[in-house]
There are 2 protein chains.
Amino acid sequence: MSAKGKGYLAIAADKQRQRQEKIPKEWMIDLPRCIEAGILLQAPVNCGILDETECQITSDHDAISLLEKIKTGIWSAERVTIAFCKRAAIAHQLTNCLTEIFFDEAIDRARQLDRERIDSPDGKALRPLHGLPISLKDSFQVAGKDTSTGLACFVNEPAEENSALAALLLDLGAVLYCKTNLPQTIMTGDSDNNVFGRTLNPHNTALTAGGSTGGEGALIALRGSLLGVGTDIGGSIRVPSLCNGIYGVRGSVGLVPHNGVRDLAVPGTSGVFSAAGPMATSIRDCQMFMKVIMESETWRYDHTVVSVPWRQLEVPKKLRIGLVEDNGIYTPSPPVRRGLNQTAQLLRESGNVEIVPVTVPGVKDIYFDLLQYWAPLGTEHYSELFDRTGEPPVPSVNTIKLLSLGSTTLKGFFDLNVRRDEAAKQYLRLFRDNKIDAILMPVAPHTAVPWDKFSNASYTGLWNYLDYPAVVIPVGKVGEQDLADDISHAKYGPQDAELYKLYTGPELYKDAPIALQVVGYRQTDEALLNTASVLDSIINEKK
Amino acid sequence: MSAKGKGYLAIAADKQRQRQEKIPKEWMIDLPRCIEAGILLQAPVNCGILDETECQITSDHDAISLLEKIKTGIWSAERVTIAFCKRAAIAHQLTNCLTEIFFDEAIDRARQLDRERIDSPDGKALRPLHGLPISLKDSFQVAGKDTSTGLACFVNEPAEENSALAALLLDLGAVLYCKTNLPQTIMTGDSDNNVFGRTLNPHNTALTAGGSTGGEGALIALRGSLLGVGTDIGGSIRVPSLCNGIYGVRGSVGLVPHNGVRDLAVPGTSGVFSAAGPMATSIRDCQMFMKVIMESETWRYDHTVVSVPWRQLEVPKKLRIGLVEDNGIYTPSPPVRRGLNQTAQLLRESGNVEIVPVTVPGVKDIYFDLLQYWAPLGTEHYSELFDRTGEPPVPSVNTIKLLSLGSTTLKGFFDLNVRRDEAAKQYLRLFRDNKIDAILMPVAPHTAVPWDKFSNASYTGLWNYLDYPAVVIPVGKVGEQDLADDISHAKYGPQDAELYKLYTGPELYKDAPIALQVVGYRQTDEALLNTASVLDSIINEKK
């Protein structure tokens, strides 16, 4: 039945037991009590596992301010690392967000870094990420750890070497301590698989934590990590950033080293590429991450990178932002519309932003082609992986109909390129002729939806198709005012109506984060991050 | 027989007559006398068409010093443009290097630019290329002119709009005045086609002018242009730069706008892309061209560009250069070996360069895959274009066996990507672990060869396959000392021996330029141009 002679259930049970053993007994929370107490987001502080300093370390900082504390010696790397290991362990018990746990090695490394600090009392000679705990999506290889990506067939095959990014982050002084959960196939909007199970959304466990980088999303929302790294080939950084109310950046392909990421595509597949990028609790942390990575010599680590140095640009005095209400396929649900309208209003009132309504053309055809780009040879390779241990597809794989995508020919593949070329020409005109610095639009036509209902990525995938950088900014939460309305509001036909009626009002969707994406023109990541920072300061500092 | 109802011979005759009519009668040279006089390179000055100032303008400057003269008002743009139109007309009569001639419009435009100068007496407000005549390979669309690329089926179809680069160069103040010849299919080493005929090598008409940008090569060697633009997907800038003894740069793909170039590939073909780049009489002109282009907002003109700004880098005090003697397939001929050895010697003696012998691994397999990348769907599309007007393949198309390349499948195409990925990893290590700034190696295993004998591009194509930037530097000429030697010197078997014996000694190859290529790591074009400038100053200023 299985290539390994063992079925997936046995493999998963073993793997989960091993994972459980990596959490010290004294860090175990009283889960029923935490759940009973209601709000998961407050559980890490309230569960009694973290001492006061650990609460401070993990609650009151973003990565930039934490790095300052470590570098100036206020807190040791060890103290900080233990705090985040503890909080990650708590977050994991609450949401099932971790896959690989290696707290012991992390704490050892932190101690080593603290010894390095002795030679640099003022912290100035320290490496840029000295002592900062960073979490990684499971698909990043870390030497000695599995890169199972939630597939039973890959369990118990520890990586022989670090992925390029893991190696680079270690050289930059970071502390790696855990990897995080993702969907079977790494292609769905629910971080659920047969090995590790489902990651829950800490804002509302009835809703998806998003995918594919959903483990990061939940972990960072619970501040079990301040800075994590995901990958995005259709929305896999942005969707969980939306669902968990955090910041996330899909940078241009190749800026963040991606080699050594297991992505399950047929080897050599080209056309649309996955991009790695940061997920964090502040926009400036995302910017810092991109800057630090781009200022390091990424080419030494990865033969696939675009190794261009970070450009220090001036922030324009007055921004011109293209406002996209919807993508012409799906009508945003009431809370998303409210989020977009209120944000536009805030920006207009700031006096620093000019809002220009624009539309994104041809998204229906583009999304159709994007599905083909994702799996030009069809999807049998997924089934083949499942069959090795007899595992079935998880529900969300069926939701997106991944296994029924057909294949194309070489000529058909080049025809995709021709159509994309035409689209790229059109989108250049959209940006150039409207003289916009960025586009502001929903990340999806909805917030996080109930489990296994996240059925398409047309709002995010458009930008993977074109390789435009995009940043997710949280702008609010679903509240009492967000009543469901009639499906007659769905403008684009039956499929739209079907999705539209998923939103049933603030009861089921209570506290679901609302977020928007800010999209820049191709390869203008630095300018986009500047723009997004300005927008975020207007949107989130007034609150 | 023909889609146009007209055979290729009639189309070519008409087209050649039209072309001839674009040359003013008073610019016609006494061709038999020039040929009799022997050295074609001296004919432009000796033929009596250019006045003394025109000789000065066209003979004594590179583009940078000429621009200074124009901008400071020493010479008007009109004066300069007329001088280059005349000299291009002469070069054309000597070598058949031009395809489209539009001297009248160029002179009109120059007059217009002279009027603009009135508002900027010191020249400082003028655009970077103000008044500089720039020639373009025929495949660049120029509005109102044919882009026939030497194929009869495309004659008399004037372009409706400028290619991105033509539009950009005009906005930068350049004067476009002619387009230049290339091979049928744009893939061979002989710029010969059924519409315009063959371009001759002005150094030695028994040898090829190279291809595919051979018209530029001959034109610039004769100083009918100081700065031209070619494209290179396997060596098409570098081979004619070698053959004609000029400088040429294949920059990284996407830096110089390429959209609106007719390249005859099946639309949407991806994998290995053509790169546009400068050909010039000095290395600093090449550098200036790349800098000016990269500092302009290329993204506004072309949705396919990599729009990164030029980086001003410091030139390393001591360079470390990897010396590659051969590519493991073909042994360089005696003059090429002499050129490489003498150059290495000069560099060593300079005290500023450390020479490290390195080898380039796996080139045989790489070149095999490159051929497949060039035409993944096979080459029927070429035959289809020929058939439209009944034109036969020119001899050099048969030399490279272009029409017998087979097709592959989508899986086969992705397998090419997998193998290239492995190679890229290896070449990263080659550069990184040897700590080299650049590689110095031959451009081909030979100099320009007799007509229709240029059979492979494995020395140049390696770098297209990997998308590494490469610069050609002329280092000398074949002379009396370059005796042919025994084919036992050919190290790599019968195919090598076959090519090796093409070199028959200094009689047939008299004055053939010898050149080398300097190759940088991926996307480090600025650093490479700095390195190449240092090497060139050592190589060519000692002479």
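The values are calculated or read from the model by the stated rules, or taken from the named source; none is laboratory data. Note that the coordinates shown come from a computational prediction; the quantities given were computed from them, not determined experimentally. Neighbour counts run over all protein chains shown; Cβ positions are idealised from the backbone, glycine included. These area figures cover heavy atoms from the full protein model, side chains too; ligands, DNA and RNA do not enter into them. Shrake-Rupley method; radii C 1.70, N 1.55, O 1.52, S 1.80 Å.
Among the residues of the range A:467-477, those identified as open to solvent by 10 Å² or more (accessible area, probe 1.4 Å) and touching a helix residue (DSSP H, G or I) at 6+ places or on another chain (Cβ under 6 Å) are A:Val475, A:Gly476. Out of all the residues in the range B:280-290, is one or more closer than 22 Å to B:Leu40 by Cβ and among the aromatic types (Phe, Trp, Tyr)? No. Within the range A:270-281, the set of residues being within 13 Å of chain B (Cβ to nearest Cβ) and buried (at least 22 other Cβ atoms within 10 Å of the Cβ) comprises just one member, A:Val272. Residues in the range A:7-50 that are modelled with pLDDT of 95 or more and either of a type in the set (S, T, N, Q) or open to solvent by 80 Å² or more (accessible area, probe 1.4 Å) (or both): A:Leu9, A:Gln16, A:Arg17, A:Gln18, A:Gln20, A:Glu21, A:Lys22, A:Lys25, A:Glu26. All told, B:Ala167 meets the bar of being within 15 Å of B:His258 (Cα to Cα), of a type in the set (A, V, I, L, M) and surrounded by fewer than 24 Cβ atoms within 10 Å (Cβ to Cβ).
As a summary of the residue check, B:Tyr465 satisfies the conditions (1) within 14 Å of chain A (Cβ to nearest Cβ); (2) over 28 Å from the mean Cα position of the chain (by Cα) except for the one numbered (2).
Screening the candidates A:Arg311, A:Arg337, A:Arg284, A:Arg320 for the property of being in a strand (DSSP E or B) and open to solvent by 30 Å² or more (accessible area, probe 1.4 Å) yields one hit, A:Arg320. Within the range B:117-143, the set of residues being of a type in the set (Val, Ile, Thr) and in a loop (DSSP other than H, G, I, E, B) comprises B:Ile118, B:Val142. When we screen B:Gly173, B:Gly230 for residues that are assigned to a loop (DSSP other than H, G, I, E, B), in contact (Cβ under 8 Å) with a residue 60 or more places away in the chain and not aromatic (Phe, Trp, Tyr), the only hit is B:Gly173. Within the range A:356-374, does at least one residue satisfy the condition of being small (Gly, Ala, Ser), without any contact (Cβ under 8 Å) to a residue 40 or more places away in the chain, open to solvent by 10 Å² or more (accessible area, probe 1.4 Å) and not in a strand (DSSP E or B)? No: the range A:356-374 contains no residue that is small (Gly, Ala, Ser), without any contact (Cβ under 8 Å) to a residue 40 or more places away in the chain, open to solvent by 10 Å² or more (accessible area, probe 1.4 Å) and not in a strand (DSSP E or B). Looking only at the range A:400-442, residues that are crowded, with 20+ Cβ neighbours inside 10 Å, away from every other protein chain (no Cβ under 13 Å) and not in a loop (DSSP other than H, G, I, E, B) come to 6 in all.
The requirement of being in contact with an Asp or Glu (Cβ under 6 Å, 6 or more places away or on another chain) and assigned to a loop (DSSP other than H, G, I, E, B) is fulfilled somewhere in the range A:207-214, by at least one residue.
Applying the criterion of being closer than 17 Å to B:Gly211 by Cβ and open to solvent by 10 Å² or more (accessible area, probe 1.4 Å) to the residues of the range B:383-399, the residue that is nearest to the other protein chains (Cβ to nearest Cβ) is B:Pro393.
Number of residues in the range A:519-543 that are β-branched (Val, Ile, Thr), over 24 Å from A:Gln426 (Cβ atoms) and open to solvent by less than 20 Å² (accessible area, probe 1.4 Å) equals 2. Would you be able to say whether some residue in the range A:286-304 is within 24 Å of A:Thr208 (Cβ to Cβ), away from every other protein chain (no Cβ under 11 Å) and either touching a strand residue (DSSP E or B) at 6+ places or on another chain (Cβ under 8 Å) or not hydrophobic (A, V, I, L, M, F, W, C) (or both)? Checked against the condition, which is being within 24 Å of A:Thr208 (Cβ to Cβ), away from every other protein chain (no Cβ under 11 Å) and either touching a strand residue (DSSP E or B) at 6+ places or on another chain (Cβ under 8 Å) or not hydrophobic (A, V, I, L, M, F, W, C) (or both), the range A:286-304 yields at least one hit.
When the range A:453-464 is filtered for residues that are surrounded by fewer than 24 Cβ atoms within 10 Å (Cβ to Cβ) and not small (Gly, Ala, Ser), the ones remaining, listed by number, are A:Lys453, A:Asn456.
If you check A:Ile90, A:Ile70 for being within 22 Å of A:Arg284 (Cβ to Cβ) and part of a helix (DSSP H, G or I), only one passes: A:Ile70. Would you call B:Val443 over 27 Å from the mean Cα position of the chain (by Cα) and within 28 Å of B:Ser533 (Cβ to Cβ)? Here the answer is no, as B:Val443 does not meet what is asked.
Among the residues making up the range B:108-128, those that are in contact (Cβ under 8 Å) with a residue 60 or more places away in the chain and open to solvent by less than 30 Å² (accessible area, probe 1.4 Å) are B:Ala110, B:Leu113. If you filter the range B:177-205 down to residues that are more than 23 Å from B:Gly144 (Cα to Cα) and in contact with a Leu (Cβ under 6 Å, 6 or more places away or on another chain), you find that the one that is surrounded by the fewest Cβ atoms within 10 Å (Cβ to Cβ) is B:Met187.
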